[in-house]
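Asks: Have a look at this one.
The values are calculated or read from the model by the stated rules, or taken from the named source; none is laboratory data. All of these numbers come straight from a predicted model, not from anything done at the bench. Reconstructed Cβ throughout: ideal geometry from the backbone, glycine too, with neighbour counts over all protein chains shown.
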Amino acid sequence: MIISASCVLTGPIFGFIFLTQSNGVTEITGKVNNLTVGLHGFHIHAVGELGDGCRAAGAHYNPGSKTHSAPQALDRHDGDLGNILAGDDGVAVVDMVDTKVQLSGERSVIGRSIVVHAKEDDLGLGGDQESLLTGNAGGRIACCVIYETADPASSIFELPLKFFQSMMYMFF
Ligand SMILES: [Cu+2]
Ligand SMILES: [Zn+2]
């Protein structure tokens, strides 16, 4: 079964994130625009609320009660996707494969949020308490709610959806 979801960032920092899960593996792709050059913390947060400058999104999604770490770590918050890297053009291309981020079941991230941070996520290696909670990634500069979208494998919308996605890549 393939499950698809998307998250649309609007505001000064804008972009599209697509999530597709197949056989328990989730591919996370997209683009984030208008960032300062360099690394920016990129996480799934627990709450699908964007108010109060993204603070309503709550903490990193952490159903396993782990400490903050790197995407590759065995023990981490489910929401720990590390950093995205913005180039000189301010654009970060997102292209990740993750086995902890689930789009179905009791650990599903559907209805939760993605938050982009002002600073680099230190991946839990910062040597202080905050590093083990948030990676010292600083302020929240953009956020979006993760919504399930039509299943591209079984839907007559497959082609229009793919077309729509590629148009989005072209223009954003
Ligand atoms: Cu975060
Ligand atoms: Zn975390």
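Asks: For the subset of segment 11-56 comprising residues that are under 18 Å from Leu103 (Cβ atoms) and within 15 Å of ligand 2 (Cβ to nearest atom), which member is surrounded by the fewest Cβ atoms within 10 Å (Cβ to Cβ)?
Replies: First pass over segment 11-56, keeping only residues under 18 Å from Leu103 (Cβ atoms): 16-30, 42-48.
Adding the requirement that they be within 15 Å of ligand 2 (Cβ to nearest atom) leaves 42-47.
On the way: Phe42: 26, His43: 29, Ile44: 25, His45: 26, Ala46: 19, Val47: 16.
Step by step, filter segment 11-56, then rank; the result is Val47.
Asks: Please tell me if Asp88 is acidic (Asp, Glu), over 15 Å from the mean Cα position of the chain (by Cα) and not in a strand (DSSP E or B).
Replies: yes
Asks: Continuing with this model, one more query. In segment 33-85, what count of residues is obtained for those that are within 14 Å of ligand 1 (Cβ to nearest atom) and part of a strand (DSSP E or B)?
Replies: Here the count works out to 13.
Asks: Within the set of pairs 6+ apart or on separate chains, which have a first residue in segment 2-27 that is without any contact (Cβ under 8 Å) to a residue 60 or more places away in the chain, a second that is assigned to a strand (DSSP E or B), and C-beta atoms under 6 Å apart?
Replies: Ser22/Ile2
Asks: Let me ask something else about it. Can you find even one residue in segment 142-163 that is under 30 Å from Thr67 (Cβ atoms), modelled with pLDDT of 95 or more and within 12 Å of ligand 1 (Cβ to nearest atom)?
Replies: Yes.
Asks: So, Ile141, is that one in a strand (DSSP E or B), more than 15 Å from ligand 2 (Cβ to nearest atom) and buried (at least 16 other Cβ atoms within 10 Å of the Cβ) or not?
Replies: Yes.
Asks: Within 18 Å of Leu9 (Cβ to Cβ) and touching a residue at least 60 places away in the same chain (Cβ under 8 Å), is that true of Glu49?
Replies: Criteria met by Glu49.
Matching residues to (1) over 15 Å from the mean Cα position of the chain (by Cα); (2) within 21 Å of His77 (Cα to Cα):
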site: Val8; (1), (2): no, no
site: Ile13; (1), (2): no, no
site: Thr20; (1), (2): no, yes
site: Gly30; (1), (2): no, no
site: Asn34; (1), (2): yes, no
site: Gly38; (1), (2): yes, no
site: Phe42; (1), (2): no, yes
site: Leu50; (1), (2): no, yes
site: Gly53; (1), (2): yes, no
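Asks: Looking only at segment 120-137, count every residue that is touching a Leu at 6+ places or on another chain (Cβ under 7 Å) and not in a loop (DSSP other than H, G, I, E, B) and tell me the total.
Replies: 1
Asks: Hey, among the residues in segment 91-119 that are part of a loop (DSSP other than H, G, I, E, B) and within 12 Å of ligand 1 (Cβ to nearest atom), which one's nearest to Gln21 (Cα to Cα)?
Replies: Selected residue: Arg112.
Asks: If you don't mind, there's one more thing I want to ask. Select from segment 1-19 the residues that are among the polar types (S, T, N, Q) and closer than 17 Å to Ala57 by Cα and list them in ascending order.
Replies: Ser6, Thr10
Asks: Go through the residues of segment 105-116 one by one and say whether even a single one is more than 13 Å from ligand 2 (Cβ to nearest atom) and free of Cβ contacts under 8 Å to residues at least 24 places away in the same chain.
Replies: yes
Asks: Residue by residue through segment 57-76, note down the ones that are farther than 12 Å from Leu123 by Cβ and more than 10 Å from ligand 2 (Cβ to nearest atom).
Replies: Ala57, Gly58, Pro63, Gly64, Ser65, Leu74, Asp75
Asks: Look at Asp88 and say whether it is more than 12 Å from ligand 2 (Cβ to nearest atom) and either acidic (Asp, Glu) or without any contact (Cβ under 8 Å) to a residue 60 or more places away in the chain (or both).
Replies: Values: more than 12 Å from ligand 2 (Cβ to nearest atom): yes; either acidic (Asp, Glu) or without any contact (Cβ under 8 Å) to a residue 60 or more places away in the chain (or both): yes.
Judged against the criteria, Asp88 is a match.
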